[in-house]
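> Following this message is one structure expressed as structure tokens.
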Amino acid sequence: MKESIHREITPLKDDDCFLIFDRQRGLFTYPIHFHPEYEINFISNAQGARRVVGDHFEEIKELELVMVGPNLYHGWENYKNDGRSLLHEITLQFPRDIFDGPILEKNLLKPVRDMLTNANRGILFSHDTAKMAYGRLESISRKRGFDSFLEFQSLLYDLSISRGQRLLTNISFQRNNDFHNSERIEKIYNYIRANFNKKIMLEEAADLLNMSVVSFSRLIKQRTGKSFVEFVNEIRLGYATRMLIETGKSVSEICYECGFNNISNFNRTFKKKQDCTPSEFRLNFNGVKNVF
């Protein structure tokens, strides 16, 4: 059952800042894939198609804008879109090291820094932001030289401060996690990752930070927007979805290997998060992964 997801070799060279593709076509033909670059993808006139980002999949509307981080699975499949109308796709890719060094640590660039971190989970921008970005991306594709780079930087900043952003994947599905804004949350996150397949007690986690259970629970809620149990389950679900995609292990095996105490609880928790059962989730990925 195990299949491969295509690793794309992008045309970016070591001394390139970014590249942009602007194309119209009838249907999506590229398989689910990943690459080490960041990618911003604008799509219009493809309603009924389906977005796949990490362990997330969802039918798209007429207009959308998505950003994905390095090595995060992503792609669009035709699903309910019949290809009768030409879809428009503008793709912008840029390398991870484009902002290497202390410049990204400056206060002014904190929104961009946070966006690049969140892109590791995939970001869906609002409809209004997608409309704004459309003209900006077209402008970048027409400009040349340093003018295009200035417009690219300006767009990144405007995207980073835009409202209505939605993260798409489970917190532990991403390959490179970063809780740079909270050393305490990072410590707890690493503790859960190291013990996700075991029973994790709230009291033991609170003791790690020398906090009372009440204060610890409040901290988790403030920093993650979730209760401690929800936080633990989301991390476990991230591992579970990766196993469903990448391995041939049974649902039962994955359930217990990810720390869930019984199949019923696993199915219930999984369906609440993904709106489908683990078996249905696996079926949704069959047929969209191509071997290269």
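The values are calculated or read from the model by the stated rules, or taken from the named source; none is laboratory data. Keep in mind the model is a prediction, meaning the values are calculated, not measured. Cβ sites come from the backbone with ideal geometry, for glycine too, and all protein chains shown count toward neighbours.
> Within the range 197-216, identify whether any single residue is charged (D, E, K, R) and touching an Asp or Glu at 6+ places or on another chain (Cβ under 9 Å), and answer yes or no.
No.
> Mind listing whichever residues of the range 67-102 are under 24 Å from GLY135 (Cα atoms), touching a helix residue (DSSP H, G or I) at 6+ places or on another chain (Cβ under 9 Å) and among the aliphatic types (A, V, I, L, M)?
MET67, VAL68, ILE90, LEU92
> Name every residue in the range 72-101 that is under 15 Å from GLN153 (Cα atoms), of a type outside the set (Lys, Arg) and within 17 Å of the chain's Cα centre (by Cα), in order of residue number. Outline the logic, then answer.
Step one: filter the range 72-101 for residues under 15 Å from GLN153 (Cα atoms), giving 92-100.
Then keep just the ones that are of a type outside the set (Lys, Arg); that gives 92-95, 97-100.
The answer is LEU92, GLN93, PHE94, PRO95.
> Given the criterion closer than 23 Å to ARG163 by Cβ, in the same structural domain as SER141 (by TED's automatic domain parsing) and in contact (Cβ under 8 Å) with a residue 12 or more places away in the chain, identify the matching residue among GLY122, GLY83, GLY75. Please lay out each step first, then the result.
Values: GLY83 fails: closer than 23 Å to ARG163 by Cβ; GLY75 fails: closer than 23 Å to ARG163 by Cβ.
Residue meeting the stated conditions: GLY122.
> A further question on this structure: Scan the range 92-104 and report the pairs whose first residue is β-branched (Val, Ile, Thr) and whose second residue is assigned to a loop (DSSP other than H, G, I, E, B), with Cβ atoms within less than 8 Å and a gap of 6+ or a chain change.
Qualifying pairs under 8 Å: ILE98/CYS17; ILE98/PHE18.
> State whether one or more residues within the range 216-224 are closer than 30 Å to ASN284 by Cβ and touching a residue at least 24 places away in the same chain (Cβ under 8 Å).
yes
> Within the range 37-89, how many residues are surrounded by fewer than 19 Cβ atoms within 10 Å (Cβ to Cβ) and closer than 21 Å to THR117 by Cα?
Residues in the range 37-89 being surrounded by fewer than 19 Cβ atoms within 10 Å (Cβ to Cβ) and closer than 21 Å to THR117 by Cα: 2 in total.
> Ok, one more. Is one or more of the residues making up the range 229-243 out of contact with any helix residue (DSSP H, G or I) (no Cβ under 7 Å at 6 or more places or on another chain), among the small types (Gly, Ala, Ser) and buried (at least 21 other Cβ atoms within 10 Å of the Cβ)?
Yes, some residue in the range 229-243 is out of contact with any helix residue (DSSP H, G or I) (no Cβ under 7 Å at 6 or more places or on another chain), among the small types (Gly, Ala, Ser) and buried (at least 21 other Cβ atoms within 10 Å of the Cβ).
> If only one of LEU109, LEU155 is farther than 30 Å from THR247 by Cβ, touching a Leu at 6+ places or on another chain (Cβ under 9 Å) and assigned to a helix (DSSP H, G or I), which one is it?
The conditions single out LEU155.
> How many residues are part of a helix (DSSP H, G or I) and either at pLDDT below 95 or under 17 Å from GLY69 (Cα atoms) (or both) when one looks only at the range 114-130?
Start the filter on the range 114-130 by keeping residues that are part of a helix (DSSP H, G or I), which leaves 114-121, 127-130.
Okay, now just the ones that are also either at pLDDT below 95 or under 17 Å from GLY69 (Cα atoms) (or both), so 114-121.
Number of matching residues: 8.
> Among the candidates ASN286, ASN176, ASN181, which residue alone is modelled with pLDDT under 90, of a type outside the set (D, E, K, R), touching a helix residue (DSSP H, G or I) at 6+ places or on another chain (Cβ under 6 Å) and exposed (fewer than 13 other Cβ atoms within 10 Å of the Cβ)?
ASN176
> On the basis of being over 29 Å from ARG144 (Cα atoms), surrounded by fewer than 19 Cβ atoms within 10 Å (Cβ to Cβ) and assigned by TED's automatic domain parsing to the domain that holds MET132, does GLN24 make the cut?
no
> Could you check ILE140 against (1) part of a helix (DSSP H, G or I); (2) within 22 Å of the chain's Cα centre (by Cα); (3) modelled with pLDDT under 95; (4) surrounded by 17 or more Cβ atoms within 10 Å (Cβ to Cβ) and say which number it fails?
Of (1) part of a helix (DSSP H, G or I); (2) within 22 Å of the chain's Cα centre (by Cα); (3) modelled with pLDDT under 95; (4) surrounded by 17 or more Cβ atoms within 10 Å (Cβ to Cβ), only one is false for ILE140: (2).
> Return yes or no: is GLY135 part of a helix (DSSP H, G or I), of a type in the set (Gly, Ala, Ser) and either surrounded by 21 or more Cβ atoms within 10 Å (Cβ to Cβ) or without any contact (Cβ under 8 Å) to a residue 24 or more places away in the chain (or both)?
Judged against the criteria, GLY135 is a match.
> Out of the residues in the range 118-132 meeting the condition of being touching a strand residue (DSSP E or B) at 6+ places or on another chain (Cβ under 9 Å) and of a type in the set (D, E, K, R), tell me which one is surrounded by the fewest Cβ atoms within 10 Å (Cβ to Cβ).
My answer is LYS131.
> Same structure, new question: For the range 60-72, which positions are touching a residue at least 24 places away in the same chain (Cβ under 8 Å), part of a loop (DSSP other than H, G, I, E, B) and not aliphatic (A, V, I, L, M)?
The answer is LYS61, GLY69, PRO70, ASN71.
> Considering only residues of the range 81-106 that are assigned to a strand (DSSP E or B) and among the β-branched types (Val, Ile, Thr), which is nearest to PHE18 (Cα to Cα)?
THR91
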